[in-house]
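Heads up, the thing below is written out as structure tokens.
The values are calculated or read from the model by the stated rules, or taken from the named source; none is laboratory data. Given the structure is predicted, the values throughout are model-derived calculations rather than measurements. No Cβ is skipped: glycine too gets one built from the backbone with ideal geometry, and neighbour counts run over all protein chains shown.
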Ligand code: KG4
Ligand code: ZN
């Protein structure tokens, strides 16, 4: 039997994504982003995102089918992000998926956005060995997950207790006068700076915190420490060394993320670490994870940067995994759940 041809729709935040996969093979990954419309507000504006999805969804769908060289009739199943995310944004994708599923008489799978960030790696590196530990770091989430059986769901081991890692990048970029979203410009600026020039705090790594928050993260204290450091410089009338601040902030984030992810692998006897979400595009995080995991014989899997940030291919990848595992489709009245648990 040929592998299933699955279409995936993603509209949980500011990217309208439609992907097409056959098995683990990526055939199309069409994307329309409203990020420029949000940039002047310094963050994603939900109402603007929903309207942009509404305009982009049909053309993006058509582009994905054209790029894959297939028609809707050829598709075996439609997967769609049903949560978590912005309620109004999710509704556009879920309503569109239902319309296409109903019109073309296709099964529909409502999937979890975070599990899709894990599943996308299969498009690059093939089936994920289980169990694996997943480090999921995006604008809305920072979590460590145990992946025993991706088709059945994933088990949270820890998460941020305040800001997400991507949110910290976005906020620190703002106070350094860098554009939104802040991850890419900080990543670039940091290449010219020294990550050890300023020692910023590593949240939840003190022995007293580890007892209760072994696999949790905290980035809001780090953000405040960067703000205080920059303010002190400005008060003293001295220039802010943007590259050094960016590199030192980035080092603090990547240090904690990689150490906790490796601790989770070692504690659980797991040999595979998969990293996903927008922050997984960060060049320092990728290099540090490789370097540290090599010491412990842990294999790191990180998809190429374009697949780390939100896209439709990741939803199609998870849908394909569910179809192959024989999971029953969702009902056509499936809801969008902005706070969907894992
Ligand atoms: O996964 P994603 O596209 O959307 C959410 O689900 O949130 O992640 C977006 C986040 C933003 O906060 C952005 O600043 C961050 O990912 N990001 C990065 C990089 N590229 C994107 N953070 C650090 N370094 C990068 N190169
Ligand atoms: Zn995401």
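Of note:
- Apart from one condition, residue 318 fits all of (1) at positive phi; (2) assigned by TED's automatic domain parsing to the domain that holds residue 11; the exception is (1).
- Test for residue 163: is it in contact with a strand residue (DSSP E or B) (Cβ under 6 Å, 6 or more places away or on another chain) and crowded, with 18+ Cβ neighbours inside 10 Å: no
- Residue in the stretch 14-35 that is assigned to a helix (DSSP H, G or I) and modelled with pLDDT under 95 present: yes
Conditions tested, residue by residue: (1) touching a strand residue (DSSP E or B) at 6+ places or on another chain (Cβ under 6 Å); (2) assigned by TED's automatic domain parsing to the domain that holds residue 277; (3) touching a residue at least 60 places away in the same chain (Cβ under 8 Å); (4) crowded, with 21+ Cβ neighbours inside 10 Å.
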site: 52; (1), (2), (3), (4): no, no, no, yes
site: 81; (1), (2), (3), (4): yes, no, yes, yes
site: 85; (1), (2), (3), (4): no, no, yes, yes
site: 101; (1), (2), (3), (4): yes, no, yes, yes
site: 105; (1), (2), (3), (4): no, no, no, no
site: 109; (1), (2), (3), (4): yes, no, yes, yes
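- Within the stretch 184-207, tally of residues that are within 18 Å of residue 162 (Cα to Cα) and out of contact with any strand residue (DSSP E or B) (no Cβ under 8 Å at 6 or more places or on another chain): 5
- Condition check for residue 64: more than 16 Å from ligand 1 (Cβ to nearest atom), in contact (Cβ under 8 Å) with a residue 60 or more places away in the chain, on the phi < 0 side of the Ramachandran plot and assigned to a helix (DSSP H, G or I): yes
- Hits in the stretch 184-214 - residues which are assigned to a loop (DSSP other than H, G, I, E, B) and free of Cβ contacts under 8 Å to residues at least 40 places away in the same chain: 206
- Check on residue 177, more than 16 Å from ligand 2 (Cβ to nearest atom) and farther than 25 Å from residue 37 by Cβ: no
- Qualifying residue in the stretch 132-144 (condition: away from ligand 2 (no atom under 16 Å from the Cβ), in the same structural domain as residue 225 (by TED's automatic domain parsing) and out of contact with any strand residue (DSSP E or B) (no Cβ under 7 Å at 6 or more places or on another chain)): no
- Some residue of the stretch 266-275 being within 15 Å of ligand 1 (Cβ to nearest atom) and within 30 Å of residue 21 (Cβ to Cβ): yes
- Pairs with Cβ under 8 Å, 6+ apart, first in the stretch 153-173 and under 19 Å from residue 282 (Cβ atoms), second part of a helix (DSSP H, G or I) and within 15 Å of ligand 2 (Cβ to nearest atom): 165/279; 166/183; 166/278; 166/279; 169/183; 169/279; 170/183; 173/183
- All of 230, 226 fail the test of being part of a helix (DSSP H, G or I) and within 20 Å of residue 258 (Cβ to Cβ), apart from 226.
- Comparison of 173, 243 shows that the only residue that is within 16 Å of ligand 1 (Cβ to nearest atom), part of a helix (DSSP H, G or I), within 24 Å of the chain's Cα centre (by Cα) and assigned by TED's automatic domain parsing to the domain that holds residue 279 is 173.
- Taking helices (runs of 4 or more DSSP H) as the structural unit, those lying wholly within the stretch 250-342 and holding at least 3 residues that are away from ligand 2 (no atom under 15 Å from the Cβ) and surrounded by 24 or more Cβ atoms within 10 Å (Cβ to Cβ) correspond to 312-324.
- Residue check for residue 277: in contact with a strand residue (DSSP E or B) (Cβ under 7 Å, 6 or more places away or on another chain) and at positive phi: yes
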